[in-house]
Amino acid sequence: MKLDYPIVNTKGNIALTKQGETLAFYSVPYFSSSIIDFSEKIKIKKAIGTALRKIAPNSFFEISLVPKDFLLGEKMDAMKETLYPEHRIAGEQYLDERTRTLTNEMKIPYEYEWLIAVFLKADETAESLKEYFEKQAEKHTRQLMSLFNRRIKTPEGWELPWLDVELSLRQALSSIKVVPLNADQVYYYQRLQFLPHISHRYEDVLESRTVSNITDTLIEQDGLGCMKFTSEYGQSYSSIIPIGKTDKALNNNHLGELVQRFDFPVGLKVKGRFPVLKKTGGYLSKMVQAFTRSKGIMSETARTGNVIYDKIIMGRRALNQMAKDVEAREPLVEHGLFLIVSASTKVEWRARVSTVMNSLESIGEKQRARFDQPYLFQSLLYGNKISLATRFWYRLSNTRGFSQYLMFTTQKSGSKTGFPIGRLDSNYHAWEDLKTAISASRNLVLYAPMLANKEDILGKITKNLLTEITGETGSGKSVLAQMILLQSIMTHIKTLYIDPKHTLRKQWEEALEDNQWVYEQPELAEVVRSINFVTLSSEDDKNIGVLDPILFLKPKEALKVAKMMLFYLMENRWKESQNTAVAKAVKEVISRRADGETLGFMNVIDLLKESENQDIRDVGESLYERVEGSILELAFSRGVTEGISFDEHSTILEIADLQLPDADNDDLNEEERNSVAVMMSLGVFCKRFGDKNANEETIEFLDEVWVLLKSKEGRQVVKSMKRLGRSQDNKLVLISQSVNDTKDEKDTTGTGERFCFYESGEEEDILRALKLEVNDINIKWISNMNQGQCIYQDVFGQLHRISIEVPPAWLRLIAPKKESKQSQLEQKYKAI
């Protein structure tokens, strides 16, 4: 198959064609739209219509939805550079396993990218008469040379006259947030036309970056309707399926969104132009003829008493609307829609083509065009305009109608790079189970925990590192939190996990006792062994006072925290004179410690007990009896205890014998109140962990955070931790059962990311937290989540339902199966 490639030269995002015309290439990367966010879809349509009206003078444009290689191998290799040296082997094994497993399943993991290319139009009003005739002469010379298969040599600096024109075009397209492609991208996307569904490495494609190498692929007709592509990277089979006219209205015909829901890559190509409305031989004369013809048909049908078909009625309505558009100077768009279906094998290609042909009924009649494949491929190459080979399938609409295709929307979740955490679920209904939901999606979700704090990240809308993971028990929130924790431990990020439930250490140590698992995952087992597991128990003398705020805090903050804990313990039952005495005692101990004395929080109680005032001695005796033998001993020392280390790379900290109050219980008993006081000190310890070194990335997980948030003192601690964030490169992850747990009207600190797992009875609260409309459709969407699925709102503002995918090697560690004889019997007879 011999091709005539239209583009002869490029500079930056500007390309020059053989006809001497220029066009500019842009990507539209961040119009992410959830399947239920209808208000956002309306905004996107308005933005598309605005952009189209502004580029109408440019006459020609083309839009491409490109299913490109996800470059999973390259991205996972790049992630290896972020690994902690001591865990590098385990990290590399994990990344290689993910690459191998996902590639075996998907063959070629892919992602979608939207491109728009618009032909540039010079400002003719600024041209002199001489410049006009020179351009016309050059144009005719090129046409003459092309007849003899020759072309004029491109002069140096050919792009200079177009730079200001391109800037103006970029401004005209600002409503759809276009980003100009760089030189590498312009070459890569041109080359990608000749590598449909052929696996490759981005850097390999760019090694020989010349225009002549763009077409370095053998293309053959392999049976009717099938093109076979053979390149140095491999081979594939491909077909172009034109979409014919439709009798249905274009309202909500979301073609750009629907195409991305297949579980295999399908490309979309749009060739368009804004026709000149000439009175003779143009659309105006055709419109008049169509009015006359439809009027005659309807009159004759009415006279004979026959049925007027919907097709005729809709055609008449379309003519009326077209007439109104012409009167209002609304640009009309002539355009063709073409689906591109590719596969690695002929059998796979045939199945995919059949699936596409039997789907998307609302978008119009799909046609195989078996004899037209070579001509369609040639016509759809970047730089070619509408041709006779493609015009047969063209439609006409106004800009509002064209915007109904919902172009430029993507279904992306997460970041461009990072660790895999799951798959995007574009389905509205519930799946049979999580495994089915995962296998039905090819849309990978990557997660980079510290991304919000990085500069120059395209499309990022927040710099807030705060993350919330919420959901009822058993929904999957703990599995996700543990997976992110383990991924972070493998990197340079310093991690701290607070586990008040006292379960994580037992769970992970049970895995280490499983000899078979350790034998199969020796490097991962070493990572777990390297974690600094700390269980704080008041029954162990070496733990007495390790959370003493006077030991690990600076004097000013120690004073504040110590007073806060004491006043909370006594529930405001003291007299004003007693409050004053307590405050003075705390201040004295902290001052004397700053002067070199070995003192701690317990010495405050000693001072109160030694007072000459009976009321103050009563306070001291009361506090002493409250502390002695209770969990409070963890926070009270006499200054000789060595506190918890801030220097470990990863620490999992749990507190034994902690009696946490119920989330909906405001009447706390003494043990519960003591536990909350200890959690206050622990929260301040976490804050110190996060701000100790501003040049060190840190991440803290606060599980069951609602315990702290039950008191105003605890809320103040969490609030101060939230504000570390960006300045200290510290990420805080709050884990709780309800989205309402972390809601505080007095705290204006926003949330950077949310992972909302299902909470029975709180569907409306989840929607409000995500700023989505509360209606039956959205509530049902939330309710349709399976166990292990959540709504993920990322730092780019993208909001989708995702399925959490745990690597097989990690299942024993973070998602152990809890089976019984009864459950085994249930599974045995399930399918019978």
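Once phi is turned into θ = phi - 60°, what whole-Hz ³J(HN,Hα) does the Karplus curve with 6.51, -1.76 and 1.60 give for every residue of the stretch 622-639, x standing for Gly and Pro?
4, 5, 4, 5, 5, 7, 4, x, 10, 5, 5, 4, 5, 10, 10, 9, 10, x
Could I have the simple spin-label model distance between SER362 and ASN213, label points 7 Å from Cα toward Cβ, reported in nm to one decimal?
Here the answer is 4.5 nm between the modelled labels.
What does the convex hull of the Cα atoms come to per residue for the stretch 542-645, in Å³? If you can, show how the numbers build up before the last one.
Details: hull volume 9.7 nm³, N = 104.
So the per-residue Cα hull volume is 93 Å³.
Would you mind ranking GLU671, GLU513, GLU105 by Cβ crowding within 10 Å, fewest neighbours first?
GLU513, GLU105, GLU671
Could you run the Karplus curve 6.51 cos²θ - 1.76 cosθ + 1.60 with θ = phi - 60° over the stretch 203-218 and give me ³J(HN,Hα) per residue in whole Hz, x for Gly and Pro?
Rounded to whole hertz, the list is 5, 5, 5, 7, 4, 10, 8, 9, 4, 5, 8, 4, 8, 6, 8, 7.
What is the gain in length, in nm to one decimal, between SER354 and ARG573 on full extension, counting 0.36 nm per residue of separation less the C-alpha to C-alpha distance?
71.2 nm
Read phi for every residue in the stretch 158-169 and hand back ³J(HN,Hα) as whole Hz from Karplus 6.51 cos²θ - 1.76 cosθ + 1.60, θ = phi - 60°, with x for Gly and Pro.
4, 7, 4, x, 9, 5, 5, 5, 5, 4, 5, 5
Would you pull out the residues with amide H under 5 Å of THR491's amide H, same chain only if 5 or more places away, H placed 1.01 Å from N?
TYR84
Going by how many other beta carbons lie within 10 Å of each one, how would you line up ASP372, ASP729, ASP606, fewest first?
Ordered by Cβ neighbours within 10 Å, fewest first: ASP606, ASP372, ASP729.
Please label the shape of the stretch 585-636 as rounded, prolate or oblate, based on the square roots a ≥ b ≥ c of the eigenvalues of the alpha-carbon gyration tensor (a/c under 1.5 means rounded; beyond that, a/b larger than b/c means prolate, else oblate).
Oblate is the answer for the stretch 585-636, as a/c is 1.5 or above yet b/c matches or exceeds a/b.
So between GLU764 and THR304, what do we pick up on full extension, going 0.36 nm a residue minus the alpha carbon distance?
Values: separation 460, 0.36 × 460 = 165.60 nm, distance 5.69 nm.
Between GLU764 and THR304, full extension yields an extra 159.9 nm.
What is the stretch 485-606 by shape, rounded, prolate or oblate, if you read a ≥ b ≥ c off the alpha carbon gyration tensor as root eigenvalues and call it rounded for a/c under 1.5, prolate for a/b larger than b/c, and oblate otherwise?
Values: a/c = 3.18, a/b = 2.63, b/c = 1.21.
Prolate shape, in that a/c is at least 1.5 and a/b is the bigger ratio.
DSSP loop trypsin sites (Lys or Arg not before Pro) in the stretch 1-61 with at most 14 other Cβ atoms within 10 Å of their Cβ, which ones? Working shown, then result.
On the way: sites: LYS2, LYS11, LYS18, LYS41, LYS43, LYS45, LYS46, ARG53, LYS54; in loops: LYS2, LYS18.
Counting only loop positions with at most 14 other Cβ atoms within 10 Å, the trypsin sites (Lys or Arg not before Pro) in the stretch 1-61 are LYS2.
Hey, with R₀ at 56 Å, roughly what FRET efficiency would ASN775 and SER591 work out to, going by the Cβ-Cβ distance, to 0.05?
0.40
Do the alpha carbons of any pairs in LYS43/LYS177; LYS494/LYS692; LYS80/LYS731; LYS501/LYS719 sit beyond 18 Å of each other, and which pairs?
LYS80/LYS731; LYS501/LYS719
FYI, it's all coordinate maths here, none of it is from the lab. Note that the structure is predicted; figures quoted are calculated from it, not measured. Reconstructed Cβ throughout: ideal geometry from the backbone, glycine too, with neighbour counts over all protein chains shown.
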